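The values are calculated or read from the model by the stated rules, or taken from the named source; none is laboratory data. Every value quoted in this text rests on a predicted model; they were computed, and no experiment measured them. Ideal geometry is used to build each Cβ from the backbone, glycine not excepted, and the neighbour counts take in all protein chains shown.
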């Protein structure tokens, strides 16, 4: 499967310079039907097959993919574990998922952002737009861009096998 259209940080709706620097917007097209891409974001057994940057796997997870449901994953990389958790704010088949996101360090949750996944069918393929809002810094926003793009490569490979 091929994917395309990887974006970069984009302006927030208010046009505020700080919001532009602390909002991430990525667009990627997957060669898979919208229902398959939606399920890859909402079915726990599917999420853990591709979740995390390349080189990571998910040995521990708890995912309740419904509005108000909590989620937590441990992404194990070659050198360390990375724990992230949040709550699903919206799960609207077949085209929208919104959840909070915060890294955990020593059992404490850090700064929380909100991730929106919007899906759109385009000629039998699925265009995915990820928007992650309210990072503390521009640097953090840019680091997440790298992580999400790598995760999208993993998602693309997972969808190709299905």
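Scanning region 110-128 for residues that are farther than 21 Å from residue 32 by Cβ and either surrounded by 13 or more Cβ atoms within 10 Å (Cβ to Cβ) or free of Cβ contacts under 8 Å to residues at least 24 places away in the same chain (or both) turns up 110, 112, 113, 114. Just for region 20-37: of the residues that are in a loop (DSSP other than H, G, I, E, B) and either at pLDDT below 50 or in contact with a helix residue (DSSP H, G or I) (Cβ under 9 Å, 6 or more places away or on another chain) (or both), which one is farthest from residue 122 (Cα to Cα)? Out of the qualifying residues, it is 22.
Checking each residue of region 129-152 against the condition of being within 15 Å of the chain's Cα centre (by Cα), surrounded by fewer than 16 Cβ atoms within 10 Å (Cβ to Cβ) and over 18 Å from residue 21 (Cβ atoms) gives at least one match. Taken as a whole, the condition of being within 24 Å of residue 135 (Cα to Cα) and either part of a loop (DSSP other than H, G, I, E, B) or at pLDDT 95 or above (or both) does not apply to residue 55.
Out of contact with any strand residue (DSSP E or B) (no Cβ under 6 Å at 6 or more places or on another chain), at pLDDT below 85, within 25 Å of residue 141 (Cβ to Cβ) and surrounded by 15 or more Cβ atoms within 10 Å (Cβ to Cβ): which single residue out of 17, 12 fits that description?
12
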